Amino acid sequence: MTTDFAPARSSAATFLDFDGTLAKTNLVQVYAYLARHAGTRVGVMRRYTSLLADIPGMLGLDAFSRPAFAERLFSHYAGLSRDRIETFAPRLHREVLAPRIFPAVGEFLKACRGRGPLVLVTGAPDFTVRYFAEEHGIEHVIANRLEFRGGIATGRVLPPMVFGSTKARLMREWARENGVDLERSAAYADSISDASMLDTVGRGGVINPGPKLARMARDFNWQILNF
């Protein structure tokens with residue numbers, strides 16, 4: 001759930017969502033790539049067909065509950081080997097994620113770093129954001145981790161699932177453990193499901209918000225950015 005490459009040494013930090021906030025990506029794109037590449041030809045066909053058939057149901061769940069949608073999507077990982085996932089993770093980053101990172105992100109992160117350490121807080125699986133974090137000097141990552149048994153994914157994530165209000169709780173725990181003052185800290189996200197994450201810090205910010213989140217941002221005096 002949490003990966004720290006270095007200790008935090010500041011009383012303030014910047015917490016960042018990933019999908020939709022720093023890159024035009026989503027959980028389905030990530031799994032779809034693995035479904036098309038990580039397995040035998042027969043396995044690839046089966047996984048990809050299963051994903052396509054399930055997309056309408058997952059979209060319905062997403063409108064009702066983001067965690068329920070994520071749980072359904074993560075169930076598709078069942079049967080994939082850890083070795084296979086780790087083998088394809090660098091290619092996934094190069095071919096799917098890196099081209100979709102918003103052009104303004106580099107300068108944005110540079111500005112945020114002046115406040116203190118950067119903390120990625122994302123519902124994405126940890127292996128999907130690892131290389132992004134390393135390339136951009138993000139030393140602290142809070143992300144979902146797939147559960148494996150005997151090196152094979154079970155289709156579940158290790159608790160707690162990093163979504164919604166759980167993000168806010170994990171941010172508070174991380175801040176307490178690292179001596180960070182949340183009132184002096186900032187957080188950025190693109191989804192209304194992350195409102196509790198933004199409300200946890202003294203300086204909330206929304207990136208590429210939809211109309212509802214933009215209205216909320218104006219009501220709460222959160223910063224509004226468009227990349």
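So what's the back-of-envelope 222 nm ellipticity for the chain, counting only DSSP H runs of four-plus at -39500 (n - 2.57) apiece and dividing by all residues, rounded to 500?
-14000 deg cm²/dmol
Order of W174, W222 from fewest to most other C-beta atoms within 10 Å?
With the fewest neighbours first, W174, W222 line up as W174, W222.
For the chain, what is the percent of antiparallel DSSP beta bridges, rounded to the nearest 5?
30
Can you tell me the 0 to 90 degree angle between the C-alpha axis of helix 41-64 and the longest principal axis of the chain, rounded to 10?
The angle comes out near 40 degrees.
Against the 2.2 N^0.38 Å scaling, with N counting residues, where does the chain land? I'd like the Cα-based Rg ratio to two decimal places.
Normalised Cα radius of gyration, the chain: 1.00.
Please get the size of the charge dipole for the stretch 2-225, origin at its Cα centre, with Cβ charges of +1 on Lys and Arg and -1 on Asp and Glu, quoted in debye to the nearest 20.
Dipole size: approximately 400 debye.
Suppose every Lys and Arg Cβ carries +1 and every Asp and Glu Cβ carries -1, with no other charges. What dipole size does the stretch 55-180 come out with about its Cα centre, to the nearest 20 debye?
180
Could you run the Karplus curve 6.51 cos²θ - 1.76 cosθ + 1.60 with θ = phi - 60° over the stretch 18-33 and give me ³J(HN,Hα) per residue in whole Hz, x for Gly and Pro?
10, 4, x, 9, 9, 8, 7, 9, 8, 5, 5, 4, 5, 5, 4, 5
The numbers here are math on the coordinates, done by the rules we state, and not lab data. Since we're looking at a predicted model, the values are computed, not measured. Positions of Cβ are generated from backbone atoms using ideal geometry, with glycine treated the same way; all protein chains shown enter the neighbour counts.
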